[in-house]
1. Could you tell me which label, among [x] 1.01; [y] 0.95; [z] 1.03, carries the value of Rg/Rh (Cα atoms, Kirkwood Rh) calculated for this structure?
2. I'd like the distance between the alpha-carbon centres of region 206-243 and region 41-110, rounded to an integer number of Å.
3. Quick check for me: using +1 on Lys/Arg Cβ and -1 on Asp/Glu Cβ, what's the dipole size of the chain about its Cα centre, in debye to the nearest 20?
4. Please compute the Kirkwood hydrodynamic radius of region 122-243 from all pairs of different C-alpha atoms, in Å with one decimal.
5. Quick check on packing: order 14-25, 139-150, 111-122 by the mean number of other C-beta atoms within 10 Å, highest mean leading.
6. Once phi is turned into θ = phi - 60°, what whole-Hz ³J(HN,Hα) does the Karplus curve with 6.51, -1.76 and 1.60 give for every residue of region 165-173, x standing for Gly and Pro?
7. Take the Cβ-Cβ distance between ARG176 and ALA102 as r, set R0 to 30 Å, and report the resulting FRET efficiency rounded to the nearest 0.05.
8. Given a cut-off of under 8 Å on Cα pairs at least six residues apart, what relative contact order in percent is computed for the chain?
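Every number here is computed from the coordinates shown, using simple stated rules; none is lab data. Remember, predicted model here, so these are calculated numbers, not experimental data. Glycine also receives a Cβ, built like all others from the backbone with ideal geometry; neighbour counts cover every protein chain displayed.
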Amino acid sequence: MDKVLIVTGGSRGIGAAVARGAAAQGWTVVLAYLARAEQAEAVVRDIAAAGGHAVAVQADVAREDDVARLFDAAARHGRIAGLVNNAGINGGPVRMADLAPAEFGAIFATNVTGVFLWAAEAVRRMSTARGGQGGAIVNIGSVAVRLGAAGERVHYAAAKAAVVAMSHGLALEVAREGIRVNCVNPGLFATEMNPADRLARLTPIIPIGRVGAPEEAANVILFLLSDAASYVVGTEITVSGGR
């Protein structure tokens, strides 16, 4: 039976790079997207053209019903063995004192509640204590957890800090149930989440001297999903060019 990888936010950026890379390694990939159907289908076409297997399914990561529906759809393609919790929004930029409570709530709904819902469902499906065959979960944090994102996205940094803490705790809960949980903290990457002016402003302070390409984060995520990382549990890996 094919191994299935679910990638949330798989229509663009790092999620799309993970989907393409995983398919090239033999995974059947199920991309979850919220609104960018054309972009998601373009990733599916790219994967098919390269000889891989992928499908795109619309889902809101913060809706419990959507999570169960997508996992059911994914299970029809094989054994669910991996999850990449990549979907997220960054809001702002805005100073914390000027932040609307509704925007704060929206950030946490997608970036924290979303990760909780998908990781919990993955555990229910993959845990050997619940009849599953194990697997791997990679949650996406951010270097903002350490830097704080002052003056721009403190709310985003706070949400990602919750993801990092959740990753550590969940890793310890399920390590003996055949599931490895780890977290990747990307830095500044050339994706739609970072407009050109922000990339230009921050690039000079990156020690390596450039922003990252989505594939450079995807390579680390794919390693954590692989058997090569069989003894890697509860780890944070920062992918930030030294920042």
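1. The listed entry that was calculated here is [y].
2. 20 Å
3. The calculated dipole for the chain is roughly 340 debye.
4. Hydrodynamic radius (Kirkwood, Cα only) of region 122-243 equals 15.4 Å.
5. Answer by packing, highest mean first, reads 14-25, 111-122, 139-150.
6. 4, 4, 4, 4, x, 5, 4, 6, 5
7. So the FRET efficiency works out to roughly 0.15.
8. This gives 19 percent for the chain.
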